[in-house]
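The values are calculated or read from the model by the stated rules, or taken from the named source; none is laboratory data. Just so you know, these numbers come straight off a predicted model, no measurement behind them. FYI the Cβ positions are ideal-geometry reconstructions off the backbone, even for glycines, and counts take in every protein chain you see. The area values use the complete protein model at the heavy-atom level, side chains included, leaving out ligands, DNA and RNA. Shrake-Rupley method; radii C 1.70, N 1.55, O 1.52, S 1.80 Å.
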Amino acid sequence: SEYDYELETEVLGQAFRIIRIGTDGDMEKAESVLESVHPQADAIGLSMIHDHYQVGREQLEHPETARLEACVPDKPVTTGAGLRGILQEWAVRHTQTELGHFFDNARVLYLNGQAGYRIARSLSEHTDNLQFADPYLDFGVPRVLTSLGQLETYTRLTAPLMFRPMAVKAINALHQSPLYRLGENLVAGSLHSAARDSHVIVGAIGDLETFTEKELDGKTVITSRVTDSVLDWMRSRRVAMVVDYSPWLEGRPIGVNVMEAMISAALARTPEQLGADDFLDVIQSLGIEPRI
C-alpha cells in the first residue's frame, strides 16, 4: 500500500482515472478489494503477483493469480503478461541498436528465468552465456541453469510441483523450515558469486536488494519501474547502467499491468484478444521507449 497513487490522464484519445490499491500481500484482502471495486472499473490490472508464464512449450498458470482473476469474471483483468513480453524484447533490441553490439558475448544472470524468458530468448541471439537462478529461488538448490534448453527442461519437470495450490503452500513452508534456513548461507553465497561474475543482471527491483556494492559494481541491470529513489539506490551500489522497460505516464513509471488494462479498455477488447500488432501500434502511437 505504500506505493498507492491516483492520477488522471489521457491515453489513445480517452480520459482515464487510475487508482492503485495495495493490500500488503494479503490475498483475502485483495479478493475483498477486487469484489468491491470491479463494478466501477472498466479494466483491472493485477500487480506484484506472478504472471502466467510461457516457457518453451509450457504454459504455467499460477494458482494465486488465477484465484484473483476469478474475482472479476465480467471485466478485463490482466497481469500485463502480453505487453510485458513485447516491452522486454524491445528493450533488448533497442539497447543493442543504440549502444552497438552491447550484449555480444555478455555474461547474463537471470534472477527469475521464467519471468524473464522473453528477455532471455532475445539475448540468446547475441550471447550464449546465460545463467538462470530459478533452482536457488524455488527450492534453495545452489545451482544455476546455463542455457535456455536447461531452463525449459527445468520448467517442464518442476511445473507440476510449482504451479498447484498445495505445492505453493508446501514451498512456502519449506522456505520457513530450519533445514532450509541452515542452507541459506550456502545458497546465498553461490548466488552472490554468480552475480559477481556476470556483466548483466535481469530481475525485479525487490530481488536485487540482497546484493551489495561488491556484486553490483559495474553491472548493467535490466528491470522495470525505476523511480528516482530506485535509481539513487542503484547509484549507491555502483550499478553502471539500467535498462527500464516499463512505460511512463505523467512523469512516473506505471505497471505494465496498468498499461495493458488501459489498452484493453480503450480498444474495447479483452487482454486475450490483444495481439503483438495491437501492442506495437499502441507503443508507436504513444511514443513509449525503453529508458537507458
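The table below gives the values:
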{"read-out": "Of all DSSP beta bridges in the chain, antiparallel share, percent nearest 5", "value": "45 percent"}
{"read-out": "Choice from T212, T65, T223 with maximal GNM fluctuation in the chain (Cα, 10 Å cutoff)", "value": "T212"}
{"read-out": "Highest to lowest packing among 260-270, 139-149, scored as the average C-beta count within 10 Å", "value": "260-270, 139-149"}
{"read-out": "Test item: Cα-centred dipole of the range 10-135, Lys/Arg +1 and Asp/Glu -1 on Cβ, debye", "value": "280 debye"}
{"read-out": "GNM flexibility winner over the chain from Q40, Q88, Q14 (Cα, springs under 10 Å)", "value": "Q40"}
{"read-out": "Whether the range 42-157 is rounded, prolate or oblate, judged on the alpha carbon gyration tensor where a/c under 1.5 counts as rounded", "value": "oblate"}
{"read-out": "Environment charge of I263, counting only residues whose C-beta is closer than 9 Å and scoring Lys/Arg +1, Asp/Glu -1", "value": "-1"}
{"read-out": "Percent carbon-and-sulfur accessible area, the chain, ignoring ligands, DNA and RNA, probe 1.4 Å", "value": "49 percent"}
{"read-out": "Karplus-derived 3J(HN,Hα), 6.51/-1.76/1.60, for each residue of the range 260-267, Hz, glycine and proline x", "value": "5, 5, 5, 4, 4, 5, 5, 8"}
{"read-out": "Heavy atoms of M48: accessible area, 1.4 Å probe, square angstrom to 10", "value": "140 Å²"}
{"read-out": "Per residue accessible area of the chain, 1.4 Å probe, in Å²", "value": "51 Å²"}
{"read-out": "The range 204-246 - percent relative contact order, Cα under 8 Å, separation 6 or more", "value": "49 percent"}
